[in-house]
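Could you have a look at this structure, given as structure tokens, before my questions?
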Amino acid sequence: MIVALIPLCHFLLAGLSLAWERGTRGVMLLSLLLDATLVGVLFGQLAGGQAVSVVFGGWGRELGIELAADRFSLVFAPLVLLLGGAVIAYQWRKRLRPYFYVLLHLLFGSVFALLFARDLFNIYVIMELLTLASFLLVGYEKRADQIWASLKYLILASLGMGVYLLGVAIVYYHTGTLNLDLLSAVISSSGDVPQWAVLASSLLVTGVAVKSGIFMFSLWLPAAHATASPAISALLSGLVIKMGVVVLFRLALVFPLSLPLEVLGAVTGLLGIIYAIYTYDLKKMLAFHTLSQIGYLMLGIGIGSEIEIAGSLEYAVGHGLFKGLLFLAAGAAVQATGREDIPGLIARRSRIPLATRVGLLVGTMGIMGIPPLAGFCGKTLLSNGADSVAIQMILFLLSIGTVISFAKLIPLFRLERGPSSPWSKMGAYAILGLPMVLFLPLTRLFLPVELWRESFGTIPFLESLLAVIAGLLIHRFLRKYPLRLPKRIFYLEEAILIILVGFFLVFVLVWLG
Amino acid sequence: MTSINGVTIAIVLFGIGLLGLIIRRDLVIKLLALGLLNGSTILCLVSLNSLPGGVPPIVRGPSTVLYVDPLPQALVLAAIVINFAILALALVFVMLLVERYHTTDTQRLEHEIEREETS
């Protein structure tokens, strides 16, 4: 029952926040504490070997809505709590309308519901709710560029969900159930993959891919994540995008999706990183970077071995932490200097508070995969588990590309005294930064001891240092040759066309795989 | 004419909606096309699971007649409501844009906003 209680509490509190304006921030904090306790109880139940699942309405699993928690969904709970805490701390001084907290409750409620959902149609409803909440959050400040970015997001996401619903229709017609566990039993019992499953799964994947930050499908993302206010960008990039990946993971357990997910992962990783390297606007670069980092997660869930899934999970949580930190610190830096482009920020770097610079530095180190920090753990597990040389090469290229794109920020990190920043912001950086620094010991909770010892030896250590050095060298060379990449693909019409092309690509890949 | 059924109509409508989304530059018409597209998926979900000769799934006492599967129709209700919410919110945002730029042409909006960003 607890599984249902967590999202329900958030939805009820969303209503309460509308009615009771003065206490919204306190209610938000209390609800996060409540989540923490309930998730703790769930962890305890799972560790005790109890199955945590509930089916509503007495209709049985074929027709009823099932909510269930497993290790995979609970790993994301700490990320939700940390990002939630950091966002509240970051905006402690800011006067926000209660409507903001209503949306935040809706967002967290639907994130938890999506983590526990086990039903294709339930996933559809929750993803739409997530779309609406994040659409309103992107446009919260009602600047024209925000409104346009969020409108594009809404149109593309709605198109994606329409395509997803077609897939649901086909699945229900052929199997008579929408429960993921039962579906996977049906498909594995039929031996060969049936024809309808190819079409249905490519429709479902296309629909979800629009929401999960994959390059060909989520071309709304750079504009939306770069224009939203910093706290919201942190939430969207750190958390909401990952929810699409969670759904893709669940689909990959039912349908044979190895090949398409690996190819999409490579495409989004490499194209995203190329755009990130040649983008000199700080927040936009972070947004492109989100597209490329989704590539890691997709490669991991595409291969699907146990160590790869663990690596994807760790990278998802790690990426949530450091991308959240980077977006928060970048927002503060932009606010302090009044410039958004990286050269402009560097020119006025003495105006950036020291804490903000430290936050940016820690985030950059994390994302580059410098050893004891969060990025290193996920990357190491992913490249250890990769079974083919091609995938290892792609992973290594992605690491180098990350270093190249973040090398632009290095001149910001001169240790000089700047203006002091308020405690609330420092608290926000600490909430996200400390778990990142302590990530390596924390991963022992999730991995068997031998695997942990085996994974984090000297070789990955040297490998990541090699990637950093290579990246820095290539950055020195590349910055002499700036390149203008096509921007038209991010227009609404072009983005829709590219989604269409992407659908055919996925269809062919599912068919081949 | 047995070949014309709900599913073919739904596919045609989906194509028209998609075409409208891509080639029409007017935002309001784009939203209408989006509504058409989402409506067609709903039609597809209902008619794919329909039962020729079936009775509406309202139980009137014990009987052995063939009832249509009620689940898709229940699902569709949720989808219709969601699409309505999306359309309403999108129109509010279009209103905000029109107030500011006095146009619903997507290309012009892209250019105007890009110009403001670079300046």
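The values are calculated or read from the model by the stated rules, or taken from the named source; none is laboratory data. No experiment lies behind these values; they were computed from the predicted model shown. So basically every Cβ, Gly included, is an ideal-geometry build from the backbone, and we count neighbours across all protein chains shown.
Restricting to the stretch B:77-98, and then to whatever is facing another protein chain (nearest Cβ under 10 Å) and not aliphatic (A, V, I, L, M), can you tell me which residue is nearest to the chain's Cα centre (by Cα)?
Among those residues, the one meeting the criterion is B:N83.
Out of A:L286, A:L264, I need the residue that is under 17 Å from the mean Cα position of the chain (by Cα), under 18 Å from A:A390 (Cα atoms) and crowded, with 21+ Cβ neighbours inside 10 Å. Which one?
Numbers: A:L286 fails: under 18 Å from A:A390 (Cα atoms).
Selected residue: A:L264, the only one of A:L286, A:L264 that is under 17 Å from the mean Cα position of the chain (by Cα), under 18 Å from A:A390 (Cα atoms) and crowded, with 21+ Cβ neighbours inside 10 Å.
Would you pick out the residues in the stretch A:436-495 that are outside any helix (DSSP H, G or I), at pLDDT 85 or above and surrounded by 15 or more Cβ atoms within 10 Å (Cβ to Cβ)?
A:Y491
B:I9: on the phi < 0 side of the Ramachandran plot, more than 13 Å from chain A (Cβ to nearest Cβ) and outside any helix (DSSP H, G or I), yes or no?
Numbers: on the phi < 0 side of the Ramachandran plot: yes; more than 13 Å from chain A (Cβ to nearest Cβ): yes; outside any helix (DSSP H, G or I): no.
So B:I9 fails the test.
Still on this structure: Sort out which residues of the stretch B:42-76 are within 25 Å of the chain's Cα centre (by Cα) and among the charged types (D, E, K, R), and write them in order of number.
Initial filter on the stretch B:42-76 (within 25 Å of the chain's Cα centre (by Cα)): B:42-52, B:56-57, B:68-76.
Scanning the stretch B:42-76 gives a single hit, B:D69.
Which pairs do you get when a residue that is at negative phi, found in the stretch B:66-84, comes within reach of a residue that is of a type in the set (K, R), reach meaning Cβ atoms under 7 angstrom, with the pair 6+ apart or on two chains?
Every condition considered, no pair remains.
In contact (Cβ under 8 Å) with a residue 40 or more places away in the chain, in contact with a helix residue (DSSP H, G or I) (Cβ under 8 Å, 6 or more places away or on another chain) and more than 30 Å from A:D192 (Cα to Cα) - does that describe any residue in the stretch A:498-512?
Yes.
Which residues, taken from the stretch B:99-111, are facing another protein chain (nearest Cβ under 10 Å) and among the β-branched types (V, I, T)?
B:T106
Also, I was wondering about something else. Need a quick list: helices (runs of 4 or more DSSP H) entirely within the stretch A:233-307 having at least 3 residues that are among the small types (G, A, S). Quick ask: steps written out before the conclusion?
Details: elements: A:241-254, A:258-277, A:282-303.
The helices (runs of 4 or more DSSP H) meeting that bar are A:258-277, A:282-303.
Out of everything in the stretch B:45-102 that is among the hydroxyl-bearing types (S, T, Y) and assigned to a loop (DSSP other than H, G, I, E, B), what residue ends up being farthest from A:L203 (Cα to Cα)?
Our first condition is that a residue be among the hydroxyl-bearing types (S, T, Y); within the stretch B:45-102, this holds for B:47, B:50, B:63-64, B:67, B:101.
If we keep only those that are assigned to a loop (DSSP other than H, G, I, E, B) as well, we get B:50, B:63-64.
Values: B:S50: 21, B:S63: 39, B:T64: 37 Å.
Within the stretch B:45-102, the match that is farthest from A:L203 (Cα to Cα) is B:S63.
For A:S424, are the conditions met, namely being of a type in the set (S, T, N, Q), in a helix (DSSP H, G or I) and out of contact with any Gly (no Cβ under 9 Å at 6 or more places or on another chain)?
Working: of a type in the set (S, T, N, Q): yes; in a helix (DSSP H, G or I): yes; out of contact with any Gly (no Cβ under 9 Å at 6 or more places or on another chain): yes.
Considered against the rule, which asks whether it is of a type in the set (S, T, N, Q), in a helix (DSSP H, G or I) and out of contact with any Gly (no Cβ under 9 Å at 6 or more places or on another chain), A:S424 comes out as yes.
Specify the residue that is farthest from the chain's Cα centre (by Cα); the eligible residues are those in the stretch A:167-179 that are within 9 Å of another protein chain (Cβ to nearest Cβ), part of a helix (DSSP H, G or I) and surrounded by 23 or more Cβ atoms within 10 Å (Cβ to Cβ). Before you say what the answer is, go through the steps one by one.
Quick first cut of the stretch A:167-179, residues within 9 Å of another protein chain (Cβ to nearest Cβ) only: A:168-170, A:172-173, A:176, A:178.
Pick out the ones that are also part of a helix (DSSP H, G or I) and you get A:168-170, A:172-173.
Going one step further and asking which of them are surrounded by 23 or more Cβ atoms within 10 Å (Cβ to Cβ), we end up with A:168-169.
On the way: A:V168: 24, A:A169: 28 Å.
Checked the stretch A:167-179; the qualifying residue farthest from the chain's Cα centre (by Cα) is A:A169.
On the basis of being closer than 30 Å to A:L183 by Cα and touching a residue at least 40 places away in the same chain (Cβ under 8 Å), does A:V55 make the cut? Full working, then the answer.
Working: closer than 30 Å to A:L183 by Cα: yes; touching a residue at least 40 places away in the same chain (Cβ under 8 Å): no.
Answer is no for this residue.
Any idea which residue in the stretch B:19-60 is farthest from A:A495 (Cα to Cα), counting only those that are touching a strand residue (DSSP E or B) at 6+ places or on another chain (Cβ under 8 Å) and either β-branched (V, I, T) or within 10 Å of another protein chain (Cβ to nearest Cβ) (or both)?
Among those that are touching a strand residue (DSSP E or B) at 6+ places or on another chain (Cβ under 8 Å) and either β-branched (V, I, T) or within 10 Å of another protein chain (Cβ to nearest Cβ) (or both), it is B:V59.
For (1) part of a helix (DSSP H, G or I); (2) at the interface with chain B (Cβ under 7 Å from one of its Cβ atoms); (3) more than 27 Å from the chain's Cα centre (by Cα); (4) over 19 Å from A:R250 (Cα atoms), each residue gets a yes or a no:
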residue	(1), (2), (3), (4)
A:L159	yes, yes, no, yes
A:D181	yes, no, no, no
A:V186	yes, no, yes, no
A:S202	yes, no, no, no
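Something else now. Residues that are in contact (Cβ under 8 Å) with a residue 40 or more places away in the chain, assigned to a loop (DSSP other than H, G, I, E, B) and in contact with a strand residue (DSSP E or B) (Cβ under 9 Å, 6 or more places away or on another chain): does the stretch A:113-126 have at least one? First the steps, then the outcome.
Within the stretch A:113-126, the subset in contact (Cβ under 8 Å) with a residue 40 or more places away in the chain is A:113-124.
This time we only want the ones that are assigned to a loop (DSSP other than H, G, I, E, B), so: A:118.
Now restrict to residues that are in contact with a strand residue (DSSP E or B) (Cβ under 9 Å, 6 or more places away or on another chain): A:118.
Within the stretch A:113-126 (the criterion being in contact (Cβ under 8 Å) with a residue 40 or more places away in the chain, assigned to a loop (DSSP other than H, G, I, E, B) and in contact with a strand residue (DSSP E or B) (Cβ under 9 Å, 6 or more places away or on another chain)), the answer is yes, since at least one residue qualifies.
Just to be sure before I move on: is A:F215 part of a helix (DSSP H, G or I) and of a type in the set (F, W, Y) in the structure I sent? Working first, answer last.
Working: part of a helix (DSSP H, G or I): no; of a type in the set (F, W, Y): yes.
Criteria not met by A:F215.
Related question: Just to check your reading of the model, which residue among A:L130, A:L137, A:L96 is more than 10 Å from chain B (Cβ to nearest Cβ) and either farther than 27 Å from A:V205 by Cα or of a type in the set (F, W, Y) (or both)?
Numbers: A:L130 fails: either farther than 27 Å from A:V205 by Cα or of a type in the set (F, W, Y) (or both); A:L137 fails: either farther than 27 Å from A:V205 by Cα or of a type in the set (F, W, Y) (or both).
Exactly one residue qualifies, and that residue is A:L96.
Could you list all residues from the stretch A:197-229 that are aromatic (F, W, Y) and closer than 13 Å to A:I294 by Cβ? It would help to see each step written out before you state the result.
Narrowing the stretch A:197-229 to residues aromatic (F, W, Y): A:215, A:217, A:220.
The answer is A:F215, A:F217.
Just one of the numbered conditions (1) assigned to a helix (DSSP H, G or I); (2) out of contact with any Gly (no Cβ under 8 Å at 6 or more places or on another chain) is not true of A:L79; which one?
Among (1) assigned to a helix (DSSP H, G or I); (2) out of contact with any Gly (no Cβ under 8 Å at 6 or more places or on another chain), the lone unmet condition for A:L79 is (2).
Condition first: more than 8 Å from chain B (Cβ to nearest Cβ), of a type outside the set (G, A, S), in contact (Cβ under 8 Å) with a residue 60 or more places away in the chain and touching a helix residue (DSSP H, G or I) at 6+ places or on another chain (Cβ under 6 Å). Can you find one or more residues in the stretch A:143-151 that meet it?
Taking the stretch A:143-151 as the starting set, the residues that turn out to be more than 8 Å from chain B (Cβ to nearest Cβ) are A:143, A:146, A:149.
Of the ones still in play, those that are also of a type outside the set (G, A, S) are A:143, A:146.
Next cut, in contact (Cβ under 8 Å) with a residue 60 or more places away in the chain only: A:143, A:146.
This time we only want the ones that are touching a helix residue (DSSP H, G or I) at 6+ places or on another chain (Cβ under 6 Å), so: A:146.
Within the stretch A:143-151 (the criterion being more than 8 Å from chain B (Cβ to nearest Cβ), of a type outside the set (G, A, S), in contact (Cβ under 8 Å) with a residue 60 or more places away in the chain and touching a helix residue (DSSP H, G or I) at 6+ places or on another chain (Cβ under 6 Å)), the answer is yes, since at least one residue qualifies.
Restricting to the stretch B:26-64, name every residue that is over 20 Å from B:A79 (Cα atoms) and modelled with pLDDT of 90 or more.
B:D26, B:L27, B:V28, B:I29
Being buried (at least 24 other Cβ atoms within 10 Å of the Cβ) and of a type outside the set (V, I, T) narrows it down to one of A:G318, A:G304, A:G344, A:G338, so name that one.
On the way: A:G304 fails: buried (at least 24 other Cβ atoms within 10 Å of the Cβ); A:G344 fails: buried (at least 24 other Cβ atoms within 10 Å of the Cβ); A:G338 fails: buried (at least 24 other Cβ atoms within 10 Å of the Cβ).
Going through A:G318, A:G304, A:G344, A:G338 in turn, just one is buried (at least 24 other Cβ atoms within 10 Å of the Cβ) and of a type outside the set (V, I, T): A:G318.
So is A:D70 more than 13 Å from chain B (Cβ to nearest Cβ), among the acidic types (D, E) and within 28 Å of A:A36 (Cα to Cα) or not?
On the way: more than 13 Å from chain B (Cβ to nearest Cβ): yes; among the acidic types (D, E): yes; within 28 Å of A:A36 (Cα to Cα): yes.
Yes; evaluated as a whole, the condition is true for this residue.
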